[in-house]
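Report on the structure given below.
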Amino acid sequence: MLRALAVALIAFLLLSPLVKSVTYKPEKPLVLVLQDNSTSVKSSANSISAPLRQLKQQLGDDYHVQEFNFDNGLHDGLASGYSGRQTDIASALKQLNNRFVNRNIGAVVIASDGIYNHGADPRYEARNIKAGFYTIALGDTTQHRDVLISNVNYNKTAFLGNDFEVEILASAYQSNGEAMRLSITDDGRQVYNRAIPIKGNTFRQVVPVKLNAGKKGLHKFTVNLAPLSNEVTTVNNNETFYIDVLDARQKILLVYQNVHPDIAVVKNAIEVNRNYEVKTVLLTDLATIKPAEYNLLILFQLPASAPGVQRFVANTSLPVWYMAGAQTDITALNASQQLVSISAGRSEMQEVFAQPAENFSAFTLSDSTRQKINKMPPLLAPFGNYGSKSATGILFKQRIGNVSTTYPLLAFAAEGGRRTAVLTGEGLWRWKLAEYAAFGNNNALNELMSQSVQYLTANADRQQFRLYPAKAVFDEGEDVLINAELYNDALELVNTPDARINIRDAKGRNLSFLLSRTGQSYSLNAGALPPAEYSYTATVKLGNRAFTASGKFTVKQIDAEARQSVANHQLLHDIAQESGGVMLMPSDLGKLSDLIKKNESVKTVVYEDKHYNELVDLKWVFGAILLVISAEWFIRKREGEV
């Protein structure tokens, strides 16, 4: 009988029976505490720091409390310095939601004055977090006597000799019957002055000002409202903005043979930068165009050997950007340039995704742009094998499905002193639509086009050593990035010798750096510099010749917090009410833990986890079979049958 039982058990295991096991995993409710770290709450936030730190102890072990602070982003831990120059509540809530997605969020506590000066309305982002909001209303809602510059609207560039308009929003509170004097200076020279009568205790007026771009270069404009007596603060009476006056626009010629939606996308994305003007022309009308009037030639699905195009490429030094697609003659394209070679056996297209390449140094794209483009829909590229020269700088490679390849999608190089680029795919209109649908703007596509055109057209002066900052004006707290290029007599990029740069502010303080080698160029990340106007001089020695390059840039102070001093408790009330929470004053903070404990929706969630395992995997089954067989052997041994 024991032997029969053992054989039956083994035979049963051959049927691969499954055993269901259920485990239960409790998850405590999360209580997320966010504290405003901006300068606008500095005077009222100290009184709540200690009670917020005690909240974790008051709630006990039944709740999992995590603490954060925010200004223009989300940071771990409660606030301490209250030094944030911008407040973006919506961004903090979005980062919080992404971090704790699918978690048991029971309550969100926000200690803030409700003032936000960057990003979207936080009420919309708060709706994405399915939890009750308990808002702590900081700050003062009383409107004090004050005049201030609420906002300045302007274009960052203007053209030499043209007039340009600036819109200034001037506000005044508790100053009815008086007048505020508005003045504007251009690099210290007064260019506008006007007295504005104040009508009412809450007064706002948009003042349009027309100025003239009379001198080339970066201009610093300062808007000032003369202080009134007994003002609560004069910090918000001034605003500084910068306008780059350009000598002329860079003109770009885009030649095409057949209409395509990418043509409009390329034109619009480039012309977002007012420094560039794009003219589109059919191949049949190319004979009427003078090459000397343009700084860049874009051949949209046309090889340089096409009729009429060859004289533009061969007889001028224009940089060329080839854009390939379904209409491109691959053989002619290979013969026109040496950057990218395509071996296509048949005229078919395949979907390829953009994969950012490492060690690209010709110019810098922001991290957000690289990440966005990495997630864009696929472009259509000619089907075949791709090759590229070793000196070619590849910005994006092709990713086919989930397979990353070495095939270039967008590549740049300098051939014989002429800068050239090749885009091997079409379908940029898909990127435009997808980015707008996801982010509400086309910043990534516009930046890609602007930086590409800037690199291609920057070689016109033939200067052998050049430096160019990533921006003319950096925001306070932003890393200062500077790129540099050194060309030998054959106009080939080299970075063999050491290059040094000296950065000097208006007070004469010097910062010296050794430029880093990146690819065939140089780069420098000088970090976040204090707000000031800076000049830089870089030196390098190639052989027996010394080269020098110089320029200027500005780090602009961010004082958005000073533009609004009245707390917005209505915003905090709306967020709390819509979520089923409560808005509290700082004096009522002791009630917060009891309110959270009494909220029936803030409770522990138990997750049921079911597992199915094969019976043969259980060790006790093996032990049972071994025990039966051993018992059968022992009995037979005892009875003398073995």
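The values are calculated or read from the model by the stated rules, or taken from the named source; none is laboratory data. This is a predicted model, so every value here is computed, not measured. Ideal geometry is used to build each Cβ from the backbone, glycine not excepted, and the neighbour counts take in all protein chains shown.
Listed values, structure above:
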item	result
Single residue of Thr405, Thr424 found to be surrounded by 23 or more Cβ atoms within 10 Å (Cβ to Cβ), among the hydroxyl-bearing types (Ser, Thr, Tyr) and within 20 Å of Tyr322 (Cβ to Cβ)	Thr424
Segment 78-97 residues that are over 20 Å from Glu476 (Cα atoms), paired with ones that are of a type in the set (A, V, I, L, M) and surrounded by fewer than 18 Cβ atoms within 10 Å (Cβ to Cβ) (beta carbon under 7 Å, 6 or more apart)	Ala90/Ala120
Thr234 being farther than 18 Å from Glu167 by Cβ and in the same structural domain as Leu182 (by TED's automatic domain parsing)	yes
In segment 376-400, residue nearest to the chain's Cα centre (by Cα) [restricted to those that are part of a loop (DSSP other than H, G, I, E, B) and modelled with pLDDT of 90 or more]	Met376
Hits in segment 210-223 - residues which are surrounded by fewer than 18 Cβ atoms within 10 Å (Cβ to Cβ), under 19 Å from Arg194 (Cα atoms) and over 31 Å from the mean Cα position of the chain (by Cα)	Lys210, Asn212
Filter result (of a type outside the set (Ser, Thr, Tyr) and at pLDDT below 90) within segment 506-519	Ala506, Lys507, Gly508, Arg509, Gly519
Out of Ile270, Ile263, sole residue that is touching a helix residue (DSSP H, G or I) at 6+ places or on another chain (Cβ under 6 Å) and not in a strand (DSSP E or B)	Ile270
Some residue of segment 37-47 being of a type outside the set (Gly, Ala, Ser), farther than 24 Å from His569 by Cβ and not in a loop (DSSP other than H, G, I, E, B)	no
Subset of segment 426-437 (residues that are touching a residue at least 40 places away in the same chain (Cβ under 8 Å) and either part of a helix (DSSP H, G or I) or within 27 Å of Leu493 (Cα to Cα) (or both))	Leu428, Trp429, Arg430, Trp431, Lys432, Ala434, Glu435
Hits in segment 202-223 (condition: farther than 19 Å from Glu533 by Cα and either part of a strand (DSSP E or B) or at pLDDT 90 or above (or both))	Thr202, Phe203, Arg204, Gln205, Val206, Val207, Pro208, Val209, Lys210, Leu211, Asn212
Conditions (1) at pLDDT 85 or above; (2) crowded, with 18+ Cβ neighbours inside 10 Å; (3) β-branched (Val, Ile, Thr); number of the one not met by Thr39	(1)
Which listed residue, of Leu592, Leu626, is in the same structural domain as Leu59 (by TED's automatic domain parsing) and modelled with pLDDT of 85 or more	Leu592
Asp244 vs. criteria outside any strand (DSSP E or B) and at pLDDT below 95	no
Single residue of Ala437, Ala472, Ala484 found to be farther than 30 Å from Ser343 by Cα, touching a Ser or Thr at 6+ places or on another chain (Cβ under 9 Å) and surrounded by fewer than 21 Cβ atoms within 10 Å (Cβ to Cβ)	Ala472
Positions within segment 481-514 being in a strand (DSSP E or B) and more than 21 Å from Val453 (Cα to Cα), in sequence order	Ala499, Arg500, Ile501, Asn502, Ile503, Arg504, Asp505, Asn510, Leu511, Ser512, Phe513, Leu514
Ile252 being part of a strand (DSSP E or B) and within 20 Å of Thr554 (Cα to Cα)	no
Residue match in segment 73-80 (condition: surrounded by fewer than 18 Cβ atoms within 10 Å (Cβ to Cβ), modelled with pLDDT of 85 or more and acidic (Asp, Glu))	yes
Qualifying positions in segment 617-640 - without any contact (Cβ under 8 Å) to a residue 60 or more places away in the chain and among the aliphatic types (A, V, I, L, M)	Leu626, Leu627
Ala546 being under 18 Å from Ala472 (Cα atoms), aliphatic (A, V, I, L, M) and in a strand (DSSP E or B)	no
Flag for Thr328 being at pLDDT below 85, polar (S, T, N, Q) and either over 20 Å from Phe383 (Cβ atoms) or surrounded by 16 or more Cβ atoms within 10 Å (Cβ to Cβ) (or both)	no
Of all residues making up segment 618-642, the number that are of a type in the set (D, E, K, R) and surrounded by 10 or more Cβ atoms within 10 Å (Cβ to Cβ)	3
Breaking point among (1) free of Cβ contacts under 8 Å to residues at least 60 places away in the same chain; (2) in the same structural domain as Glu426 (by TED's automatic domain parsing); (3) surrounded by fewer than 14 Cβ atoms within 10 Å (Cβ to Cβ), for Ser317	(1)
Members of segment 579-602 found to be crowded, with 19+ Cβ neighbours inside 10 Å, farther than 11 Å from Thr135 by Cα and aliphatic (A, V, I, L, M), listed by number	Ile596, Val602
Residue in segment 545-566 that is in contact with a helix residue (DSSP H, G or I) (Cβ under 6 Å, 6 or more places away or on another chain), buried (at least 17 other Cβ atoms within 10 Å of the Cβ) and at pLDDT 85 or above present	no
Selected residue (only one of Asp140, Asp88, Asp121, Asp61 is under 30 Å from Arg181 (Cβ atoms) and among the acidic types (Asp, Glu))	Asp140
Among (1) touching a residue at least 40 places away in the same chain (Cβ under 8 Å); (2) out of contact with any His (no Cβ under 8 Å at 6 or more places or on another chain) - the single one Ala458 does not satisfy	(1)
Of the criteria (1) touching a strand residue (DSSP E or B) at 6+ places or on another chain (Cβ under 6 Å); (2) in a helix (DSSP H, G or I); (3) at pLDDT below 85, which one Asn334 fails	(3)
Failed criterion for Ala421 (all others in (1) aliphatic (A, V, I, L, M); (2) part of a strand (DSSP E or B); (3) within 18 Å of the chain's Cα centre (by Cα) hold)	(3)
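Every residue, every condition in (1) part of a strand (DSSP E or B); (2) small (Gly, Ala, Ser); (3) outside the structural domain of Asn441 (by TED's automatic domain parsing), yes or no:
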| residue | (1), (2), (3) |
| --- | --- |
| Gly60 | no, yes, yes |
| Phe68 | yes, no, yes |
| Val101 | no, no, yes |
| Gly114 | no, yes, yes |
| Gly161 | no, yes, yes |
| Glu167 | yes, no, yes |
